[in-house]
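A short worksheet on the structure shown next.
The values are calculated or read from the model by the stated rules, or taken from the named source; none is laboratory data. What you are looking at is a predicted structure, and each value in this text was computed from that prediction instead of being measured. For neighbour counting, all protein chains shown are included, and Cβ atoms are generated from backbone atoms with ideal geometry for every residue, glycine included. Areas reflect the complete protein model, heavy atoms only, side chains present, ligands, DNA and RNA absent. Shrake-Rupley method; radii C 1.70, N 1.55, O 1.52, S 1.80 Å.
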Amino acid sequence: MYKLQLCCHSGLDPESIFIEYLSFTNISLTTTWIPFFNGMTKRLNNMNNFTKQNIIYGYDGTFDGFLCCAFESFSRKEIPTDIVSEKDFQPSLLEQFNIATDLEKSGRVKKSIREKISSDALFFLRDALFTNLTEKELYMLEFIRLGYKTGSKIMSMLSNDIVSKLTKAVRFLYNESHRYKGFIRFSEYGELLVSSIKPKNFVLPYVAPHFSQRLPNEKFIIIDETNKAVCIYEKGKLSLFDAKDIAIPKTDEKEVFYRNLWKDFCESIAIKERFNPKCQNTLLPKRYRDRMTEFQ
Amino acid sequence: MGMDIFEKLSILAASAKYDVACTSSGTDQSSTEKGSIGSKVACGICHSFAADGRCISLLKVLMTNICVYDCKYCFNRKSNDIKRTIFLPEELADLTIQFYKRNYIEGLFLSSGVIKNPDYTCELMIKTLSILRYAHRFNGYIHAKAIPGADGKLLRQLGLLADRMSVNIEMPSQNSLQLLAPDKSKESIFTPMNFIKESISENTRELTIYKKAPKFVPAGQSTQMIIGATPETDNQILRLSENLYKKYKLKRVFFSAYAPVSNDKLLPSTDFKPPLLREHRLYQADWLMRYYNFRADEILDEKTPNFNPFIDPKCNWAVNHPEFFPVEINKASKEELLRVPGIGVRSALKIIAARRYSSLDFEALKKLGVVLKRARYFILCGGRKSEGLIIKNDEILKALMSKQELAMYKDHFLPSQLELFRENVQTPALLSFRA
């Protein structure tokens, strides 16, 4: 049978990401016009008094956790040297300030980003946290600071370094997610479909809802080896877990049968006079292939 | 026929490989209905890429490669001595579902040789699609080929089951068609094409009245033609596809570089290399017409009936229209921006969004994804040229050509001929740029 060792992520409500994502897809992406508040100018002037501090913020890796870091940064009027998630933490000589996730604080930051910048900016930041950009948290903090000055137009300020860097990282996340929608391969074990991936970004929140629409009446799991996470879909519900040591059982005859059929098909469909491995490599980079049936 | 499924699939996939279209785009739908499987995504999804670099998105097979016709360019022609076989409708439907579940494919592309007669063939296809749609409750993508000569009622049934339909016009002119496909006539191709077009527009009207009316070919129709087997010029081919887009409201026209399948006297010899570059240029021009507001007569005309092999059609247009340039990035309209080599649809939109907030310079353009290597010769930012811009023929050619094109160009022309070629592409005209 399937041997799965799961443990629920401490700080993360497993379903909230998906719920947020799904409601997000229903929202139209036009930038909302935010009325300019009179009182804001005064507060903005204060923002210039921020000082760089030799301090590292630690947080639990969740979006709410990050927003709490932003909250602290604003209330202490300081810019930390780094913001690191528990998972990536390495001992350092600098002072470490561990910030506990407080949903009330993060809620306040969310509200203010929505009002002073835009809802799009909030979703954009949430996406940015799932990217593999190094020091993404620092860029995101800069983005919020800049956004408070400029308002909703920040999303179009693509010539700005911070915005451009984050936009590119988010685009990479979207592109990789789109690719995985095609390149994921499931194997059937009884009634369960199993797939494992090794992405560069955290693509599960974008990929999994696609498959729940595609296979609404199946049971499937997708294992993300990079981020040690697994997503499970059963009876119309998606859930996300932290996962360690997942043993995938041996495939049965039926599975091998269809794998071989698929390999044969991929070979028969190529036109030999048009052989073009370079083009194939561009469109289907080699790093995806070790998990794809037709290249095994 | 006691053939196992492995052999059947190999034969019927290999027989279908010359059909180009493998797109799964154009319609969006998902359903969580009990017992159903499958969804559609408007942008389409590529599931793999074959060794020839072409996308694999659909299970592309023939119902059967048995065919009563003897079209000379076709691998499955009656007179070709190859193994013949046929899928059982249940067998093919089951295979589709098994592949779909494992995320190998986005759906099914079903074409067929003509077995017995067009109606019988069409009925077999309808049966397969009905099993998929009703027994398996399959909501994924289906592309069905209309069989020329089949009854209108059958085509209608097929269209209600499929997301996209296509009728191949096969050859870029009537003469070539008569010569190489004696069993097919111009009418037998354009009648179903017109029928599908009419049914789609009728269905659009129905859907405005009754939202739940069954959908007829919601992702539209496409067609394809073979390039290089017959003497038509690029200009003729481009005009034809422009007309097809206009007259039959096609979603896509595909081009297929002829790969030799027969040693018939009327066709190129068997050591003929598929004209891949020509096909590539046609697709580039097709893109210009569909997304860049180019007309066919702006790209090619009677005087220059064929593509310049060394330079893409957009750059070619640009170097031949120096009067249009330079374009001021901070003021130009979207249409003007789209004419600049190195600026695509996405970067044009980004420029328009970004310049609302601050005036753009060359550094900013780089961040927006503009290919400055090409664009710098054609644009001004705030009235200024790109710094250190060298307007010399060699430099410009290097900038406008890809590495491969440049190598091919140097290979092709001896030094003395280089001068001649330069006149052809009129690069000296660029020298008259004033900034």
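Quick notes on this one:
- Burial here means at least 40 square angstrom less accessible surface with every protein chain in place than with the chain by itself, probed at 1.4 Å; in segment B:49-88 the buried residues are B:Phe49, B:Ala51, B:Asp52, B:Gly53, B:Arg54, B:Ile56.
- Segment A:184-295, accessible area per residue, ligands and nucleic acids excluded (1.4 Å, Å²): 45
- Computed label-point distance, nm, for sites B:Ser130 and B:Arg356 using a 7 Å Cα→Cβ extension: 5.4
- Summed buried accessible area for B+A [probe radius 1.4 Å, Å², rounded to 100]: 5100
- Buried on assembly, segment B:341-364 (at least 30 Å² less accessible surface than by itself, 1.4 Å probe): B:Arg346, B:Lys350, B:Tyr357
- Förster radius 25 Å - calculated FRET efficiency between B:Asn80 and B:Asn243, Cβ distance, rounded to 0.05: 0.20
- Label-to-label distance, nm, for residues given as B:Lys373 and B:Arg346 (7 Å Cα→Cβ offset): 1.7
- 222 nm mean residue ellipticity, helices alone, for the protein assembly as shown (DSSP H n ≥ 4; -39,500 (n - 2.57); rounded to 500): -12500 deg cm²/dmol
- In this structure, the residue pairs whose Cα-Cα separation is over 23 Å, taken from A:Lys136/B:Lys334; B:Lys186/B:Lys246; A:Lys263/B:Lys127; A:Lys105/A:Lys136; B:Lys83/B:Lys186; B:Lys72/B:Lys186, are A:Lys136/B:Lys334; A:Lys263/B:Lys127; B:Lys83/B:Lys186.
- Between B:Lys60 and B:Phe109, the built amide H atoms are under 5 Å apart, and every one of these is 5 or more places off in sequence or on another chain.
- Per-residue packing, averaged as other Cβ atoms within 10 Å, sorts the ranges A:273-279, A:288-294, B:126-132, B:54-60 into the order B:54-60, B:126-132, A:288-294, A:273-279, beginning with the highest.
- Accessible area per residue, Å², segment A:51-174 with all protein chains present, probe 1.4 Å: 45
- Placed amide H near B:Ile227: partners under 5 Å, 5+ positions off or other chain: B:Ser256, B:Ala257, B:Tyr258
- Rounded to whole numbers, the Karplus 3J(HN,Hα) couplings from phi for segment A:86-101 are 3, 4, 8, 5, 10, x, 9, 6, 6, 5, 10, 10, 7, 9, 6, 6 Hz, using 6.51 cos²θ - 1.76 cosθ + 1.60 with θ = phi - 60°, and x at Gly and Pro.
- Share of carbon and sulfur in the accessible heavy-atom surface of chain B [1.4 Å probe, %]: 53
- Residue order by solvent-accessible surface for A:Asp245, B:Asp119 is A:Asp245, B:Asp119, largest first, with ligands and nucleic acids left out and a 1.4 Å probe.
- Rolling a 1.4 Å probe over the heavy atoms of the protein chains gives chain B an accessible area of 44 Å² per residue.
- Cα extents of segment A:51-174 along the three principal axes, largest first (Å): 39, 29, 25
- 3J(HN,Hα) along segment B:282-290: 5, 5, 4, 5, 4, 4, 4, 6, 7 Hz, from the Karplus curve 6.51 cos²θ - 1.76 cosθ + 1.60 with θ = phi - 60°, whole Hz, x for Gly and Pro.
- Note on the protein assembly as shown: Kirkwood hydrodynamic radius from all Cα pairs is 29.0 Å, rounded to one decimal.
- Modelled FRET efficiency - R0 45 Å, A:Gln296 with B:Ile209, Cβ distances, 0.05 increments: 0.30
- Between A:Arg114 and A:Lys235, the distance separating the two model label sites (each 7 Å from Cα on the Cα→Cβ line) works out to 3.2 nm.
- Residues of segment B:82-99 with amide N under 14 Å of a point placed 7 Å along Cα→Cβ from A:Thr251: B:99
- In segment A:184-295, the C-alpha radius of gyration followed by the widest Cα-Cα span (Dmax) gives 15.7, 48 angstrom.
- Per-residue shielding of A:272-278, expressed as the average number of other chain Cβ atoms within 10 Å of the residue Cβ, stands at 6.
- Listed as lacking a disulfide-compatible partner in chain B: B:Cys22, B:Cys43, B:Cys67, B:Cys122, B:Cys315, B:Cys381, by the criterion of no other cysteine Cβ under 4.7 Å.
- Long-range HN-HN contacts of B:Asp52 with modeled amide H, under 5 Å: A:Ile271, A:Asn276
- Phi angles across segment B:125-133 convert, under the Karplus curve 6.51 cos²θ - 1.76 cosθ + 1.60 with θ = phi - 60°, into 3J(HN,Hα) values of 5, 4, 4, 4, 5, 5, 4, 4, 6 Hz, Gly and Pro given as x.
- Build a GNM of chain B with springs between Cα atoms under 10 Å apart, and of B:Lys251, B:Lys153, B:Lys34 the one that fluctuates most is B:Lys34.
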